[in-house]
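Since the structure comes first, as structure tokens, the remarks are kept for the end.
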Amino acid sequence: LSGIRDCGFTPWIVLDNVPADMSKNPTQNRYGNTEPPADFDLWSSYVRQFVETLVGEFGREEVVQWRFRVGTEPDLNPGHWSGTKEQYLKHYDYTVAAVLSVLPNADIGPGNIMDPVKQRKWKTWGIEIIDHCATGTNHVTGEMGTPLRFFGSSYHTDVGTSDERFDDLVRLLRDKLGEYPQFADVPVEIQEFGILSEDGKWIVG
């Protein structure tokens, strides 16, 4: 992190894989352990202590300017998350609460979801995170709703493919956020992009 700052960049922290020792049945997939924590209070303490360490090292005024993202493509099973949707929503609530206990104004949101326009046939659930954050029961507080200060999606395309789907994706996310007045101005971001295939075949390398 010091090196990133020395280069003039602002760190974005991805609170991603749960340490394997914190999961009941750790499962190593392509990007590491994809299982939820066995003890959400332990995970929460781990995250809180991490954020406290950041504040102690870099200062509160600095760290509060950083971005905190809870996971990566949580609806990509099993690549990034092999738990259920309900387990991720609980994981999100606990992680947000831990970060905000140290930095109440932290810029925090869920991991970039799978492109819901391209992946409709897979019936991915990532966009439902918005519903949970707006009207669902918070697993930590027992009250309605969880803070959501940005919402991101992946957007992968193919060689030679035009990008009309990009506009459809952004419109879909904006419309979904717009269903809830408290989220109408939440930023929509494409947090992961790449040209991944050509003529129906994955590009390797």
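Just the protein heavy atoms count here, and of the accessible area of the stretch 58-205 at 1.4 Å, carbon and sulfur take up 51 percent.
Between Arg48, Arg69, Arg60, the Gaussian network model of the chain with springs among Cα atoms under 10 angstrom shows the greatest mean-square fluctuation at Arg60.
Partners of Lys176 within straight-line reach, counting lysines whose Cα lies under 20 Å from its Cα and excluding those fewer than 8 residues away in the same chain: Lys85, Lys118, Lys121, Lys123.
Fully extending the segment from Thr84 to Thr161, taken as 0.36 nm per residue of separation minus the present Cα-Cα distance, adds 24.5 nm. Compute the accessible area per residue over the chain, keeping the other protein chains in place, probe 1.4 Å, unit Å². Solvent-accessible surface per residue comes out at 53 Å². With N as its number of residues, the stretch 81-149 has a Cα radius of gyration that, divided by 2.2 N^0.38 Å, comes to 1.14. Projected label points at Glu52 and Leu1, each 7 Å from Cα along the beta carbon direction, are separated by 1.4 nanometres. For the chain, the mean residue ellipticity at 222 nm estimated from helices alone is -10500 deg cm²/dmol, where every DSSP H run of n ≥ 4 contributes -39500 (n - 2.57) and the total is divided by all residues, rounded to the nearest 500. If you run the Gaussian network model on the chain, springs between alpha carbon atoms under 10 Å, then out of Leu54, Leu169, Leu148 the most flexible one is Leu54. About the centre of its Cα atoms, the chain shows a dipole size close to 260 debye [charges on the beta carbon of Lys, Arg (+1) and Asp, Glu (-1) only; nearest 20 debye].
If you plug the beta carbon distance of Ile190 and Glu128 into 1/(1 + (r/R0)^6) with R0 = 22 Å, you get a FRET efficiency near 0.70. Rounded to the nearest 20 debye, the dipole magnitude of the stretch 49-143 is 460 debye, with +1 charges on Lys and Arg beta carbons, -1 on Asp and Glu beta carbons, and the Cα centre as origin. Summed over all non-identical Cα pairs, the Kirkwood treatment of the chain gives a radius of 18.0 Å. The P(r) of the stretch 1-66 has a tail past 19 Å containing 45 percent of all C-alpha pairs. This model, with +1 at the C-beta of Lys and Arg and -1 at the C-beta of Asp and Glu, gives the stretch 1-42 a dipole about its Cα centre of some 180 debye.
The values are calculated or read from the model by the stated rules, or taken from the named source; none is laboratory data. It should be emphasised that the depicted structure is a prediction, and the values quoted were computed from it without experimental measurement. Methodologically, a virtual Cβ is constructed for each residue, glycine included, from the backbone with ideal geometry; neighbour enumeration extends over all protein chains shown. When the accessible area is computed, the model is the full protein with side chains, heavy atoms only, and any ligands, DNA or RNA have been set aside. Shrake-Rupley method; radii C 1.70, N 1.55, O 1.52, S 1.80 Å.
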